[in-house]
Each structure stands twice: as C-alpha cells, then as structure tokens.
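Novice: Structure below; questions to follow.
The values are calculated or read from the model by the stated rules, or taken from the named source; none is laboratory data. Just so it is clear, the structure is predicted and the values come from calculations on it, not from any experiment. Neighbour counts run over all protein chains shown; Cβ positions are idealised from the backbone, glycine included.
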Amino acid sequence: MGYDMIVAGTGPAGLMTAERASMYGLKTLVLEKRAAVTDSLMGELVTDKALNLLRVKPDSEYIGNKFTSIVGESLDTGSNIVVDRTLLGNSYLFDEDKCQELMRDRALADGAEFRYRARVKSVIKENDSVVGVKYGNDQEVKAGLTVGADGSFSRVSETAGFTHPKWLLSYGYRFKLMNCKNVDPNVAYFFVGKDVGLGYLWLYPRSETEMNLGIGRVPSSKENWSRLPPMQDVLRKYMKRHPETENAKIAAVNGGVVPCAGIIPRFTDAGVALCGNAAGQVSSIVGGGVTTCLHAGQVLAKHAKRMVDSGDFSRKSVQLYEKDYRRSKLASNITNTGRGMWAVSKFSMLNDPIAAAEIVLDQLDAKTLNELIQGHASVATYMTLMTDFLPMVAKIGVGYLKAIAMTGL
C-alpha cells in the first residue's frame, strides 16, 4: 500500500482526520478538488467545545468574534426571541480561513501530503474491499483506509455503495461584507421569513464594520422551492433594506450544501469510512456541523491508528469507528435533530412553515427553544410544552398530522 490513509476532502472533518492521523504517525494523503483548503465553506458559529477540539484559545487569532446573545427574529413581523449567554454559554465566530490553514499546517508538519485540484472519481475495490481511489485524470492511489470526507455529494460514498434513504439537504450562500455601519458586534442573528422559505438567514458580525450574511434553505417540495426568490437575491434584498448594510461591499461569496436528515444508516465498510457531511454528521436544525465534524474526525483518526497498527482494515475492524462514534452524545443530538428536521420538512409540504415559526417566536421561551435546537430537551421540557404551550403545540401538530395523512411516512 502506498499510504496508510487517503482522505478525500478538506472540510473540518477531513482536515481534523488528517491532522490527528498524521500526529499519530500515519502516512496520510489528502485529496482536495479545489485549489486550496480555504476554498471550501466551513461553518463559523461555535462554542467552547469546538475550541477545545481544535486546541485554540478564545483570545487567539483563530477567533474572529465572541457573542453575548443570539436573536431569532421574523423578517416579516419583527417577532423575536433572545437567547443570552446564560443559556448559550460562550459563543464564538471562527476565522474559518485561519482555522483551516491551522489544521492543514499541523498535518503538513507531521508528514501529511496534500494534492489540490484532485477530484475523486471513484473508489478502487479489490476482493470486496476498498483499497484506494481514482482521481484527476485517471490517476490511482492506494491505502489501507480510504476516508470519504468529501461532502454531501460524496463520490467515495456513492462509488463505495453506501445508501442515503432519507437524504434531505440544505443549500446555502454566504456573503462576507465590509464597509458596514453601526453594527453591534456582540449579537448574532437568525432570521426567518417568507422570502427565506424553509430555513433561515443569518447575520454574524465580525466587527462594527464587517459581518457575514448568509442563507440556508431546504427544499420541502419542488413546487414550494420554485415559488421562492433566488437565495442571493434574498441576501441582497436584506442588504438594501437595512442601514447597517445598504452601502456594504461584498468582499467574498461562498456556498455549500449541508445534510439535514441525521446520520446515515451505515458509513463504514471494508477499507472505507465516511466522515462529516458525507456521513450526515451534522446537527441539522441550525446547520451546526463544525463541532460535530471535528469530533468525528478525532474519533476516526484514533481508530485509523488502531487499524494501521493491527494491519486490519476489514469491515468488522472499520465498523468499530462507527460503533464508537454512535455512542457519543453528539451523535445522539444529531439523531434527535435529524428526526426533528424530517418532521419540519413533512409539515412544510402542506403547511406554512413561516406561520409556524411566527407561533414559536411569539410564544416559546428562550430556554425551551435552546434545548430543542440543541437536541437535548428533557422530559420536563416536553411536559412544559404540553401544558404551558398546549395551544401552540396543538396548532402545529394538527398541521403535521395532516401532512402525514396526505403524504405518508
């Protein structure tokens, strides 16, 4: 074998896998279809857990900002809910380019090799085991373990034979804005609205004059999607209607696709493992994937070290990574929010999700909303929903039951 490990993709999952595997002494090759690691979109709103996984300090150059509160608000009515630091804990804005370069440089320092403009075409199989990939202009490279960290449309996943029976995706764009005015750098915003559709628009200040403005949208149906304005038009409309951004300059545009259905049924096989978006390792309701992807990369690298030391890349051996990962609390949260997103998607086929969002913003308290979003609501929280917010639950629930009856499970 030419390498111990091949990693396809340089998102947070792929970079963390490569960084840790190289630190463990594994001969690692990283293939990236783009020209640089900073060309891929990486989420930015994170908590202390992400900083700990990345091993950076809150006051380091890798942190672009720190927020004291997050506001959820309707673009149409102004209804809002504020989640402050007492519920959030610490909330930070990553400098994504510097974080990506940090992981790359750590991997390079420990001997990893990176090849750019190297799009993976397919895996190579021998005796029902993946032994490498074909990439670029029919080039081939082999390794004991092939890692598919190549996103929601993973070529590793597709050609290795993994299935995605419930593949629900969020499509998004982000503008990096300069020359903004009078921005409160302490508050991050999530907006819902009729133009946004099933998803949200976000605003993350980097300073009093800089911010990231983005939108993520899930197509609940082709008909619903076709009625909505293009996402970049929604962002430009926001800029024109708000004094903070009406004269702002768009410094950069990026986009990405995030899975929303939770962890896929199986993401390991002989000689191959999926990580990050390719495995559905994303907390879908708020599109949170940085922490979950960094965590998955660490778990996978640990098991890759075990596989290399034992020389065992059999299906049973690789599956130990999957079993270990699924036992984690983050995996449980992803599963819970994935189920929630399927419910929301089903509801939105035959009901107005914005009307439901307005009910939530008007009637739900910040503590309950935060627990639901994070996927760790307690029995007490659900009991509170069923008593204090019974009219709201009933109104939304009737719409969901109607969707189930009309479309089936």
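Novice: Quick check on the stretch 201-217. Is at least one of its residues in a loop (DSSP other than H, G, I, E, B), crowded, with 22+ Cβ neighbours inside 10 Å and of a type outside the set (K, R)?
Specialist: no
Novice: Shifting gears a bit: From the set of residues in the stretch 1-23 that are more than 14 Å from the chain's Cα centre (by Cα) and modelled with pLDDT under 95, which is surrounded by the most Cβ atoms within 10 Å (Cβ to Cβ)?
Specialist: M1
Novice: Now for a different question. Restricting attention to the stretch 55-64, does a residue exist that is closer than 25 Å to T209 by Cα and of a type in the set (D, E)?
Specialist: yes
Novice: Another question, if that's okay. So which residues in the stretch 245-260 are surrounded by 20 or more Cβ atoms within 10 Å (Cβ to Cβ) and assigned to a loop (DSSP other than H, G, I, E, B), if there are any at all?
Specialist: Answer for the stretch 245-260, where residues must be surrounded by 20 or more Cβ atoms within 10 Å (Cβ to Cβ) and assigned to a loop (DSSP other than H, G, I, E, B): T245, A248, C260.
Novice: While we're on this one: Give the residues of the stretch 24-52 that are touching a helix residue (DSSP H, G or I) at 6+ places or on another chain (Cβ under 7 Å) and either assigned to a loop (DSSP other than H, G, I, E, B) or modelled with pLDDT of 95 or more (or both), sorted by residue number.
Specialist: Result: Y24, L26, T28, V30, M42, G43, E44.
Novice: If you go through the stretch 334-348 one residue at a time, do you hit one that is modelled with pLDDT of 95 or more and buried (at least 17 other Cβ atoms within 10 Å of the Cβ)?
Specialist: Within the stretch 334-348, none of the residues are modelled with pLDDT of 95 or more and buried (at least 17 other Cβ atoms within 10 Å of the Cβ).
Novice: Looking at the stretch 135-149, is at least one residue part of a loop (DSSP other than H, G, I, E, B), without any contact (Cβ under 8 Å) to a residue 24 or more places away in the chain and at positive phi?
Specialist: yes
Novice: Sort out which residues of the stretch 176-200 are buried (at least 22 other Cβ atoms within 10 Å of the Cβ) and out of contact with any Asp or Glu (no Cβ under 9 Å at 6 or more places or on another chain), and write them in order of number.
Specialist: A188, V196, G197, L198, G199, Y200
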